[in-house]
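J.: Here it is, the structure in full.
The values are calculated or read from the model by the stated rules, or taken from the named source; none is laboratory data. None of these values were measured; they are calculated from a predicted model. Cβ placement follows ideal geometry from the backbone for every residue including glycine, while neighbour counts extend to all protein chains displayed. Please note that ligands, DNA and RNA were not included when accessible areas were found on the heavy atoms of the full protein model with its side chains. Shrake-Rupley method; radii C 1.70, N 1.55, O 1.52, S 1.80 Å.
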Amino acid sequence: MRVRRRLLVANWKMTRTPAAAAALARALVAMARPAEVDLAIAPSFPALDRVGAALSGTGIALAAQDVYVEKEGAFTGEVSASMLKDAGVALVLVGHSERRLLRGEREPDFARKMERLTEEGLAPLYCVGETRAERDAGRTADVLRNQLAALDGFSAPPPGLTFAYEPVWAIGTGLAATPRMVGDVHALLRAGIAVRFGPSIAASTRILYGGSVSPGNAPGLFAEAEVDGGLVGGASLVAKDVAALLAAAAAPTTGAARA
Ligand code: PGA
């Protein structure tokens with residue numbers, strides 16, 4: 001029996017209209033799913049309502065791709081944590097590398113986002129990971145340490161806090177990190193969580209891997225005891241691929257825990 005239930009989060013990014021997202025959600029609801037793996041779907045904001053309706057009562061959680069740093073007010077175009085909560089969202093991505101790179105968001109923004117989510121009882125899925133240049137320069141551990149600093153203001157972890165290790169060079173490139181690399185980084189992250197919040201919280205915190213997860217590489221990645229599931233973009237848009245990923249996540253681990 002695993003200590004941490006595995007979780008697969010489908011990040012649909014800016015790819016589906018609400019009608020198409022609802023149809024894909026219904027296809028996922030219709031397929032058989034292993035009971036031992038949790039599944040969450042993060043569609044675009046306008047699709048939350050229709051995807052939420054399709055997921056209602058199915059045990060598949062509704063997730064959102066982002067949240068704004070402020071609670072409420074004159075912030076045209078932004079979406080608050082209370083709006084997401086009202087829409088039925090349970091889990092929210094924070095710190096995705098596409099927001100770091102394209103929108104210039106940084107750790108202080110992520111800290112505020114996690115505060116807003118905590119106020120509303122929503123779980124953050126905090127995404128961290130190094131660029132190719134940072135890995136090549138041997139700076140991966142430093143980069144992750146700096147990214148964990150978004151939690152500096154928290155004396156206890158935000159409820160439901162989950163991590164996603166997503167090396168930037170692996171996202172959408174078809175070049176996933178190797179299981180060994182991922183296992184090592186997850187162990188490093190878990191040690192960082194232990195320093196911050198204590199060993200028992202570290203042992204119960206889920207750390208997902210993201211970056212070109214596919215039906216081909218998932219069995220190897222999910223064989224790692226340190227890998228608690230996946231944050232999946234491209235492959236999460238194909239129902240039969242999601243079924244394959246869930247099956248891989250349900251399989252027992254063979255790799256050693258390195259924490
Ligand atoms: P990918 O995206 O699976 O398409 O690489 C992962 C992500 O960005 O969360």
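J.: May I ask for the net charge around L7, where only other residues with Cβ less than 10 Å from the Cβ of L7 are counted and Lys, Arg are +1 while Asp, Glu are -1?
T.: +2
J.: Place a +1 charge on the Cβ of each Lys and Arg in the chain and a -1 charge on the Cβ of each Asp and Glu, then give the dipole magnitude about the Cα centre in debye, rounded to the nearest 20.
T.: Here the size comes out at about 480 debye.
J.: May I pose another question? Among S212, Y165, S200, pick out the residue whose Cα is farthest towards the positive end of the charge dipole of the range 164-259, where Lys and Arg carry +1 and Asp and Glu carry -1 on C-beta, about the Cα centre.
T.: S200
J.: Considering amide H positions built from the backbone, and no H for Pro or chain starts, which residues 5 or more places from L39, or on another chain, come under 5 Å of its amide H?
T.: For L39, the qualifying residues are L8, A61.
J.: Could you pull the Cα extents of the range 6-250 along its three principal axes, largest to smallest, in whole Å?
T.: Taking the Cα atoms of the range 6-250, the three principal extents are 46, 44, 34 Å.
J.: I'd like the projected area of the range 189-259, averaged over all directions, using the convex hull of its alpha carbons. Report it in nm² with one decimal. All intermediate terms of the calculation are to be shown ahead of the outcome.
T.: Details: hull surface 19.3 nm².
Here the figure is 4.8 nm², rounded to one decimal.
J.: Counting each DSSP H run of 4 or more residues in the chain as -39500 (n - 2.57), what helix-only mean residue ellipticity at 222 nm follows after dividing by all residues, to the nearest 500 deg cm²/dmol?
T.: When only DSSP H runs of four or more count, the value is -11500 deg cm²/dmol.
J.: In what sequence, highest mean first, do 15-22, 120-127, 108-115, 189-196 appear when ranked by Cβ atoms within 10 angstrom?
T.: Per-residue mean Cβ counts within 10 Å order the peptides as 120-127, 108-115, 189-196, 15-22.
J.: How many angstrom lie between the C-alpha centres of the range 74-117 and the range 121-151?
T.: Their Cα centres are 17 Å away from one another.
J.: What do the square roots of 5 times the Cα gyration tensor eigenvalues come to for the range 132-249, in whole Å, largest first, as semi-axes of the equivalent ellipsoid?
T.: 25, 17, 12
J.: Sticking with this structure for a sec: Rounded to the nearest 5, what % of the DSSP beta bridges within the range 6-250 are antiparallel ones?
T.: So the antiparallel bridges in the range 6-250 amount to around 0 percent.
J.: Calculate what fraction, in whole %, of the accessible area of the chain sits on carbon and sulfur atoms when a 1.4 Å probe is rolled over the protein chains.
T.: 57
J.: Mean shadow of the range 27-170, computed from the convex hull of its alpha carbons, in nm²? Working shown, then result.
T.: Working: hull surface 40.1 nm².
With the hull built on Cα positions only, its mean projection is 10.0 nm².
J.: Less than 28 Å apart at the alpha-carbon level, and either on another chain or at least 8 residues along: which lysines does that give for K85?
T.: The reachable lysines, counting only those whose Cα sits under 28 Å from K85, are K13, K71, K113.
J.: Further, regarding this structure: Going 7 Å from the Cα of A20 in the Cα-to-Cβ direction, what parts of the range 205-249 have a backbone nitrogen less than 16 Å from that spot?
T.: 233-239
J.: Something else about it: Please calculate how many Å² of accessible area the chain carries per residue, with a 1.4 Å probe and no DNA, RNA or ligand atoms counted.
T.: Averaged over the residues of the chain, the accessible area is 43 Å².
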